[in-house]
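Report on the structure given below.
The values are calculated or read from the model by the stated rules, or taken from the named source; none is laboratory data. Predicted model only: the values in this text are computed from it and were never measured. Backbone-built Cβ (ideal geometry, glycine too); neighbour counts: all protein chains shown. What goes into the accessible areas is simple: the full protein's heavy atoms, side chains included, and nothing from ligands, DNA or RNA. Shrake-Rupley method; radii C 1.70, N 1.55, O 1.52, S 1.80 Å.
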Amino acid sequence: MTRQVKVEALVLYSRPLGEGDRLLTLYTRELGKISAVAPGARKMKSKLAAAVELFARGHFLLYRGRSMYTVTQAAQEHQYHAIRQEMKLYACGLYLAELVTKAVEENEANPAIFELLLESWKHLEAGRSSPVLLVRYFELKLLDLLGYRPHLDDCAGCGKQRGAVCWSDQAGGILCTDCGQGDAEAFSLSRGTCALAQYLLKVTPSRLVSIRVDEEQHKELKRLVQSFYRYWTDIGSIKSAAFLEEIT
Ligand SMILES: [Zn+2]
């Protein structure tokens, strides 16, 4: 197996290491999530410096070591500067990066997740849609790509499609009033929020700009998504979630 690999990557995490290196978590189109060292990236005149910062997108030439990759060359394609400059965007962008880091295993390629993160950072930077709605959009899409698509079209218990609904983590979707009575943890969900979640799962982020969401829907959607994550995934707590909460 060749030990040199070329990848396209998004920098999810970058921290100083030793004298002048950086330790990175990259999400690559070809290999999924990987850890890599960028030697000398913090030294003056390092050609790697710009390409290995958080929120950078670039092409990397890597050397595959026993437990980690080493960056030998890197060409920055884009740096999402606007995300770094505005606190709210920064909090959202950081949260998306951390969520991906926690949600996926190392060395499992998933080009759709790569595209999702890339498109989401792009839209965050463009600033045309609500950053918080973009976060919810991202969470729902990521669930779907991880194989946990919420069941929202009809009652997950009996298949009926009428009346009020509630959300059930156990059922992984909505339940009608009758079926909901058998689940003590289920909580009510408005038809509007249910339709909003369905819509978010279907569209590309460019459609978010035309969606108007009231405060109640924001609250309901957040509760649904977070509850679903807690029940079905073992992602655990996300450090930047508290920061995001504070800022937004
Ligand atoms: Zn039912």
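Quick notes on this structure:
- From Leu134, Leu118, residue being buried (at least 20 other Cβ atoms within 10 Å of the Cβ) and either over 11 Å from the mean Cα position of the chain (by Cα) or at pLDDT 95 or above (or both): Leu134
- Counted residues, region 74-100 - those being out of contact with any Leu (no Cβ under 8 Å at 6 or more places or on another chain), open to solvent by 60 Å² or more (accessible area, probe 1.4 Å) and not hydrophobic (A, V, I, L, M, F, W, C): 8
- Qualifying residue in region 149-163 (condition: among the small types (Gly, Ala, Ser), closer than 30 Å to Glu98 by Cα and in a loop (DSSP other than H, G, I, E, B)): no
- Residue in region 30-71 that is nearest to Glu115 (Cα to Cα), counting only those that are touching a residue at least 60 places away in the same chain (Cβ under 8 Å) and open to solvent by 70 Å² or more (accessible area, probe 1.4 Å): Glu30
- In region 170-248, counting only helices (runs of 4 or more DSSP H) that sit wholly within it, the ones holding 1 or more residues that are open to solvent by 20 Å² or more (accessible area, probe 1.4 Å) and within 16 Å of the ligand (Cβ to nearest atom) span 177-180, 191-202.
Let's see how each residue does on (1) assigned by TED's automatic domain parsing to the domain that holds Leu117; (2) closer than 23 Å to Leu94 by Cα:
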{"position": "Gln161", "(1), (2)": "no, no"}
{"position": "Gly182", "(1), (2)": "yes, no"}
{"position": "Gln198", "(1), (2)": "yes, no"}
{"position": "Pro205", "(1), (2)": "yes, yes"}
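- Residues within region 147-162 that are in contact with a helix residue (DSSP H, G or I) (Cβ under 6 Å, 6 or more places away or on another chain) and more than 16 Å from the ligand (Cβ to nearest atom), tallied: 1
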